[in-house]
Structure formats: structure tokens, C-alpha cells
Amino acid sequence: MEAVVESDRRALLDLDHVVTEDGKIYRVLGNLDSRTHFLGYNVYSPHPEGDRFYRNARYRKNFIEDERLPADVLDTYTLVPVQEVAEHHDPIRSAIAMVETFRSTVWFDLYTELVKLVGPESVGIFGSSMFGLHLTPRGTVRKDVDFVIQDLANVEVLRKELPGIRDRLGFTTVTAERQIQQYERYRRVFRNDNNSIRSIIARRWTGLQLSNDVVTTIRVRDRSQTTPAALIAPTPRADHVTVSGRVTNASRSNLFPRRFDLVTGSGIVEIYVLWWKFSTPVQDGDAVTVRGSLLPANHAHAIRLTDYSRHWLRIDD
């Protein structure tokens, strides 16, 4: 556990987790350009019938978009004042603190492989394992351990070496059967048929499957990439803009928000996808069409995808 002091309050980064004073556990989303707030997703909440325990209290895991089917992803995120943060958990330090809880498992072996690849200062854990919520009452790993690699500079190294890591540890890529299961879940949430959901799921290159029930996706964060506060404003300047082009700078789609550029006939358009489930959705050179909200960003036009019914990302190739 790490107490948050005044000098730390700007240091809330993507995939950090915090506990607020009311006991809720939030995953930090992106590196919001704000001294006073962070964008959070309430992953765990105190609940009298929860099946997990943290600090002698019962907790339940929240599946907000799956259970509530909201109209817009921004309805599932919360702008939280940093002054309400009681505990701050960083992925890198959490990995060092919690690694003994999954020793003698394949997750320890995966951590070891990733550390050999990019160094201990660039490998973290996030989610339940930060709080011990990944363990059953008997102390065994409930399902999996989620990992994050820090810095975009490590993406190509990971891309090159991940197939060998899978082979050595007994993982596979995500099978077609599992992809179909994910598609059936996702299409309930992403309700516009123009979304290339199957193709996007298939492009989750950081996925590792241990069994049909156990799949983990390595995430990426980069401290240098900030999220403009205007990007999460509730009312965009214009809505429902459609644009087509070729993808460039796709490496940033590994981050949150999923970001890439489209080269169009009238110039470059920045695309921001705020759906965290769309992991690594595009590749350089893809011909794609997107529909979203037009926003001003960095003196150029940017399109934001948030609305589950009216916005979409279609891979045209």
C-alpha cells in the first residue's frame, strides 16, 4: 500500500489503481492532463455479498458496460478528484511487492520472462493481483495475473519475443473458439453492426491463452502520452462524423485511449477510441472508416469514439 501525498498527485498514470475514501477501487484510465482529477473505472466495490476480500471487507467485481449496457462509454467512467484518493497502487511497485503470491505458478514464469526481456522497471501487474484479490481463500491463484509493459519503446521487442514466450510456458494465441465467445459478449455492448468486432478481437496480438477459460492480455502504458482533458468533455463540438483513410502511428493504439492517425484526402485526422476493450484494434496501412464525435485537438481535427450505438470502427481491407 502506498499513501498519496501532495507531491504524488500528478503521478496517477494509466493502469495505476487507487482506493478512494469510500472504499471503491478504481483503475486509472490514461494519463489525464489534470492536476486535480483522474479518469477512473470502478473495478471493485464494497458489497455485502461480494466473493472477494480486501482489508477485512467483502468486494465484488464490477462489469459496468456488460451489466448496464449504457449508451456511451463515458457513462461507465468517473472523473474522480485526486483529493479523495486514500491509497495509490503503482503496477511496477505492486509487481515487486506481490510476486511471492504467485510464485510456483506459470504467472511467476511469465513475469520472469518479461523482466528478462525489458527489465524489472518496465514490468508491472494491475487489477486484482495488486490487492490480493486474485487469490482464493486457500491462497491459490483464482484465475490469472494481468501484466503491463511500460513505454512504447518496448512494444516491438515484446512483439518479436512473445511467440517464443508462449511456446516456452505453454500458452497459445487466442483460439478461434475463444474469439467467438468474446465476439458474442462484445456485440451486446458495441451495438453498431459497422464495427469490425471479429477482426479487432483477432488483432489482440498480446493475448496469451492458457485454457478455454483463462486468457490474459498484456497491456502497454507510456508515461509520456497525456490524455487531453477536452477528450472526456461530455459535449463534443460536433457529432457523428464519418471519415475514411489509411492508418499510421498504429503503435499508439496499444495505449489508452486507443489512438492512431488516419491519412485522408484532406489531411491527417487523429482518432481516439475510448473503448478499452478494443485492444490493439488497427495496424499501420489498414484502410479503415470510423464514425465518431469531432473534437478540436492540437490545432487539428480529432475524432472520438465513445457512443456504443452510433459510433463505429470498420476495417475496410
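Each of Asp167 and Ser266 was given a label point 7 Å from its Cα along the Cα-to-Cβ line. The distance between the two points is 4.9 nm. Sites counted here are GluC sites (Glu not before Pro) in a DSSP loop (not H, G, I, E or B) having no more than 12 other Cβ atoms within 10 Å; the longest part of the chain that contains none of them is 50-317.
Taking the longest Cα principal axis of the chain as reference, the axis of helix 106-118 is set at about 60 degrees. Over the chain, Cα pairs under 8 Å with separation of 6+ residues give a relative contact order of 15 percent. Taking the Cα centre of the stretch 92-221 as origin and assigning +1 to Lys and Arg Cβ atoms and -1 to Asp and Glu Cβ atoms, the resulting dipole is close to 380 debye. Taking the charge dipole of the chain about its Cα centre, with +1 at Lys and Arg Cβ atoms and -1 at Asp and Glu Cβ atoms, the residue from Leu274, Leu152, Leu231 reaching farthest to the positive side is Leu274.
Summarising the label geometry, the points placed 7 Å from Cα in the beta-carbon direction at Glu184 and Lys61 lie 1.9 nm from one another.
Share of carbon and sulfur in the accessible area of the stretch 16-89 stands at 43%, probe radius 1.4 Å. Here the sum of -39500 (n - 2.57) over DSSP H runs of 4 or more residues, divided by the residues of the chain, equals -5500 deg cm²/dmol at 222 nm, to the nearest 500.
Within 15 Å, Cβ to Cβ, of Gly139, how many net charges do the neighbouring residues add up to if Lys/Arg are +1 and Asp/Glu are -1? Charge balance in the 15 Å sphere: +4. With contacts taken as Cα pairs under 8 Å at a separation of at least 6 residues, the stretch 229-315 carries a relative contact order of 32 percent.
Can you compute the FRET efficiency between Leu79 and Ser224 using 1/(1 + (r/R0)^6), with r the Cβ-Cβ distance and R0 = 25 Å? Round to the nearest 0.05. After rounding to 0.05, the efficiency reads 0.65.
Summed over the residues of the chain and divided among them, the accessible surface reaches 45 Å² per residue at a probe radius of 1.4 Å.
Where a ≥ b ≥ c are the square roots of the eigenvalues of the C-alpha gyration tensor, would you call the stretch 16-89 rounded, which needs a/c under 1.5, or, failing that, prolate if a/b is larger than b/c, or oblate? Oblate, because a/c is 1.5 or more while a/b does not exceed b/c. Treating r as the C-beta distance of Asp151 and Glu21 and R0 as 30 Å, the FRET efficiency rounds to 0.40.
The values are calculated or read from the model by the stated rules, or taken from the named source; none is laboratory data. Computed from a predicted model, the values in this text were never measured in an experiment. With ideal geometry, Cβ positions are generated from the backbone for all residues, glycine too; neighbour counts draw on all protein chains shown. Keep in mind that these areas ignore ligands, DNA and RNA; they rest on the heavy atoms of the full protein, side chains included. Shrake-Rupley method; radii C 1.70, N 1.55, O 1.52, S 1.80 Å.
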